Amino acid sequence: MNKTVATIPIAGMKPGTSGLRKKVVEFASGHYLPNFVQAVFDAVKPEAGFAGQTLVVGGDGRYYNREAIQTVIRMAAANGFARVLVGQDGILSTPAASCVIRQHVAFGGLILSASHNPGGPDGDFGIKFNGANGGPAAEKITDAIYACTEKINRFLTTDTPDVDLGRIGVQQVEGMRVEVIDAVADYVALMRKLFDFPALTRLFASGFRLSFDAMHAVTGPYAHAIFELELGAAPGTVRNGVPLPDFGGHHPDPNLVHAKELLDRMMGPDAPDLGAASDGDGDRNLIIGRGIFISPSDSLAMLAANAHLAPAYRQGIAGIARSMPTSGAADRVAQALGVPCFETPTGWKFFGNLLDAGKVTLCGEESAGTGSDHVREKDGVWAVLLWLNILAVRQQSVKQIAHEHWAHFGRNYYTRHDYEDIDSSVAKDLMQALALRMRDLTGHELEGRLVATADDFSYLDPVDGSLSKNQGLRIVFEDGCRIVYRLSGTGTSGATLRVYIERFEGNPTRHGMETQAALADLILLAESLAGIRVRTGRLAPSVIT
Ligand code: VG1
Ligand code: CO
């Protein structure tokens, strides 16, 4: 039976860069989850209600995923949805959820994930709403959701028993149809359309070796189905392929710290041809060639320069979009191709309008996110497939492709330094002081470099005209070097300061430098300008990418 439960607002339920993320204990306590789900439904409910509408639900399999899915299903039924599509065992990678929403013309979806954040009873949980285009809700909607969380006084649910998430097929919850679907089928079918699977099968048959680390997170089943079963890659190609509620105790963040085992294998004597890893919810990708790490910013540029080699992009690309902190490597490719390059704030939600309007085909972020107009999320397995398709056509190694790319376009040396879990008020003060300092930097010299612009990035969406302010402090020097500072919007304890540093090098004889060495003077400048050591007491970043 449907019922209305009285509740009171819970403070601070503001969605960050990518939905609402908190500790599991917080999510699982009292009415935390139902409050947020009801706030979403209240904020997005059409005039006619949800009659006849479909909601997609799935998550990355982390601790509390199943319980949360049962709660969402009961609430969807009580709120009048006609149908829920849920991945078997509650599993849907973020890009697969986006694919399912689009494929089945759903009203939208609720994706349960805290992405790259650790899982388990002491770990993190998260939830976000994606609209009918399959993409994360725009800021206007996340603001409306937040407003609803602040005045909520009831939520709607039913007293029906749990749905059997293991059984593919149809079940009923009150008047609502629940379809448990194969979590990978729609996604695999889409990939088959985009890429030359026969060529990839031949590539693997010829002895090409891939090592894909699923990090015990959601991409395991997708990678297994595609690389090993469809394309015939050797058994064992997919490592850590079984999704675990606590990701095996690891941090499912495909960076050089948490994917160190893969990095070591790729730098070792018997390295495979391509190494890749994905994050908790499957939207990120790390690409490492034999003996060479490809920075995500470079990966975006190299994929853009070669995308026409894959069937889906044979006609060329309409444009590229990158987040502001992402390096300018992609801009150089866009210029050469004669297509526009857009610079958006951090977070995939800002790409949605550009993709929907057909202004761009490829998008990327320095944080290991790349994707295209095939869905409205970044997509880890897709990026690996595009790299494979390019490698199959060019018949060169990742290293050769990278070196040729740099020789042709120049190299953007790039690094990100993260200072994790610093005191929130210290972080706020640091950013405030820096913002003040920025005001009179333009036109001045810093360590012999002339500052061309120093500002707080704001973005005017060219499609809907909305303005997003305070998206990161940036200093752009006249010689093209750049330092960017911003606070993370996805962390769950304290604050994380991210410092992004970039320098362009056009001279091919200087393309072989070690990244940190190539950027050493700018790294020192970035530190001293913000007073990071003095203010936070940190002598070094927690993670360097
Ligand atoms: C980080 C990344 C950002 C990414 C976001 C969500 O955000 O920097 O580029 O879009 O995570 O990625 P922040 O605010 O912590 O810097 V995912 O894979 O967690 O959905
Ligand atoms: Co993610």
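Could you report the chain's accessible area per residue, 1.4 Å probe, as an integer in Å²? All intermediate terms of the calculation are to be shown ahead of the outcome.
On the way: 20380 Å² over 545 residues.
It amounts to 37 Å² per residue over the chain.
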**Message:** Please list, by residue number, every one of the GluC sites (Glu not before Pro) in region 1-88 that is coil in DSSP and has at most 16 other beta-carbon atoms within 10 Å.
**Reply:** E47
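How far, in nm, would the chain grow between A48 and T201 when pulled straight, counting 0.36 nm per residue and subtracting the alpha carbon separation?
50.2 nm
Taking loop as defined by DSSP and a crowding limit of 12 other beta carbons within 10 Å, which GluC sites (Glu not before Pro) in region 466-545 fit?
E478, E514
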**Message:** Can you compute the FRET efficiency between V5 and D164 using 1/(1 + (r/R0)^6), with r the Cβ-Cβ distance and R0 = 30 Å? Round to the nearest 0.05.
**Reply:** 0.80
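Run through the DSSP bridge list for the chain and note the antiparallel percent, rounded to the nearest 5. Each step should come with its number before you reach the end.
On the way: 63 of 91 bridges.
Roughly 70 percent of the DSSP beta bridges within the chain come out antiparallel.
Once R0 is set to 56 Å, what does the formula 1/(1 + (r/R0)^6) return for the Cβ-Cβ distance between R192 and T453, expressed as a FRET efficiency to the nearest 0.05? Provide the component values of the computation, followed by the final result.
Details: r = 45 Å, r/R0 = 0.81.
It comes to 0.80.
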**Cα centroid separation, region 372-445 to region 210-278 (Å)** = 21
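If I take every Cα pair under 8 Å that is 6 or more residues apart in region 1-147, average their sequence separation and divide by the length, what percent do I get for the relative contact order?
On the way: 246 pairs, mean separation 45.2, N = 147.
Relative CO of region 1-147 lands at 31 percent.
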**Prompt:** Of all the C-alpha pairs in region 2-183, what % are more than 22 Å from each other?
**Reply:** 38
**Request:** Pop a pseudo-label 7 angstrom from the Cα along the beta-carbon direction at both R533 and Q335 and give the gap in nm to one decimal.
**Result:** 3.6
**Asked** Spin-label point model (7 Å from Cα, Cβ direction): what's the Q396 to V25 distance in nm?
**Response** 5.3
**Request:** Select from region 383-469 those GluC sites (Glu not before Pro) which occupy a DSSP coil region and have at most 13 other Cβ atoms within 10 Å, ordered by residue number.
**Result:** E447
**Asked** At a Förster distance of 51 Å, what's the computed FRET efficiency of E174 paired with D423, Cβ-Cβ distance as r, to 0.05?
**Response** 0.60
**Message:** Just to be sure I understand: of the beta bridges DSSP finds with both ends in region 187-409, what percent are antiparallel, rounded to 5?
**Reply:** 50
**Request:** Give me the distance between the Cα centres of region 287-356 and region 128-160, rounded to whole Å.
**Result:** 31
**Message:** Along the Cα→Cβ direction, 7 angstrom out, place labels at R209 and L436. What is the inter-label distance in nm?
**Reply:** 5.7
**Request:** Using only C-alpha atoms and all pairs of different ones, pull out the Kirkwood radius for the chain in Å with one decimal.
**Result:** 23.8
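The values are calculated or read from the model by the stated rules, or taken from the named source; none is laboratory data. Bear in mind the structure is a predicted one, so any value in this text is a computation, not a measurement. All Cβ positions, even for glycine, are placed from backbone atoms using ideal geometry, and neighbour counts span all protein chains on display. These area figures cover heavy atoms from the full protein model, side chains too; ligands, DNA and RNA do not enter into them. Shrake-Rupley method; radii C 1.70, N 1.55, O 1.52, S 1.80 Å.
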